[in-house]
Amino acid sequence: MVNFAYRRPKSLAEALDFLSSCGNKTKVLAGGTDLTVDLRQGSAQPEYVLDTSRLDELKGIELSNGQLCIGAGVTLTEIYESALLERYTPALQKCAATFASKQIRNVATIGGNVAHCSPCADTLPPLLIHEAKAILASNKGLRETPIEDVASGPYESSLRPDEIILRFILKPSKDINFADFQKIGRRKALATARITMAFMARQDADRKISFLRFALGACTPTPQRIALVEDYLACRVPTVQTLWEAGGLLAESVLEITGRRPSASYKEPAVRGLSVRMLYPLVHVGA
Ligand SMILES: Cc1cc2nc3c(=O)[nH]c(=O)nc-3n(C[C@H](O)[C@H](O)[C@H](O)COP(=O)(O)OP(=O)(O)OC[C@H]3O[C@@H](n4cnc5c(N)ncnc54)[C@H](O)[C@@H]3O)c2cc1C
């Protein structure tokens, strides 16, 4: 463990002032479930650790002007327990239900999950299907960035050293009748995800898919929305055959992004199979 000085500002202004002068020597601390590991391993060696736990601006979940706002300091337990998120972001809520363990969920925050920029961060696929934006604060003001641009690569953040994530703005799901989050890890609990997926869809009375958002995580350098799958299934009445074909396109695009590595013989059928399993209710319900 490296030596560092600990700061716990009482206000956002104090935190941002500190970051404007010492941001490049500082690591921001939220729940600490990633940062303490990095400090112990020496992969983070800051002079200062800035604890955000007293900052009210990073807290709370609300719906206003048709947009959902989730504070960066909101914990996974708070996400899981939120009636608002159950209604408007069901895939994110399911992700919170399967995240780590109860003890970790009680302290781990959504802001920390995004800012750590792990390809395996579970909240990213659900955030991507809701076209989330991160609101970043520095003492120069606020800046908005699409969620997919927070990570510039695996464990590489695009945030400036003087910035913190304040909150996330999501488009709430509207008139959708399906949403899900799925995850494959090496074991059932406390496993780093190998593949994560989230989707939400609207299927009309004639069973045609009139709206679909689909995102993938953990098996590409950064989680991403897969337009190929969305476009392929749009306006179709889904069948097992069409889902299987869409899964094939998905697997192909993963291999295109990552290159054909030794893990491809596992990844290709696993990605395809998991997508078919997740999307299967579109065929089954009302069929
Ligand atoms: C046993 C165990 C199991 C886990 N299981 C899972 C799992 O199932 N799924 C999963 O996705 N992750 C998992 N994780 C990883 C971790 O719990 C999550 O990534 C968590 O959401 C990180 O949030 P935190 O509040 O603890 O962040 P911290 O550890 O406090 O911070 C993480 C990083 O984000 C930065 N940061 C934090 N808040 C902000 C902010 N507001 N603005 C800018 N930068 C910020 C920090 O500087 C640091 O670099 C697990 C970790 C452990 C130890």
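The numbers here are math on the coordinates, done by the rules we state, and not lab data. In this text the structure is predicted, and so the values were computed from the model without any measurement. Ideal geometry is used to build each Cβ from the backbone, glycine not excepted, and the neighbour counts take in all protein chains shown.
Brief remarks follow.
- Separation of alpha-carbon centers, segment 1-49 and segment 112-144, rounded to whole Å: 18
- Label-to-label distance, nm, for residues given as Ala83 and Thr192 (7 Å Cα→Cβ offset): 4.0
- Among the listed pairs Lys94/Lys133; Lys171/Lys267; Lys94/Lys267; Lys140/Lys171; Lys94/Lys208; Lys25/Lys133, a Cα-Cα separation exceeding 29 Å is found for Lys171/Lys267.
- Peptides 141-148, 130-137, 199-206 ordered by packing proxy, namely the average of other Cβ atoms within 10 Å per residue, highest first: 130-137, 199-206, 141-148.
- Helical runs assigned H by DSSP (4 residues or longer) give the chain a calculated mean residue ellipticity at 222 nm of -10000 deg cm²/dmol, each run adding -39500 (n - 2.57) before division by the residue total.
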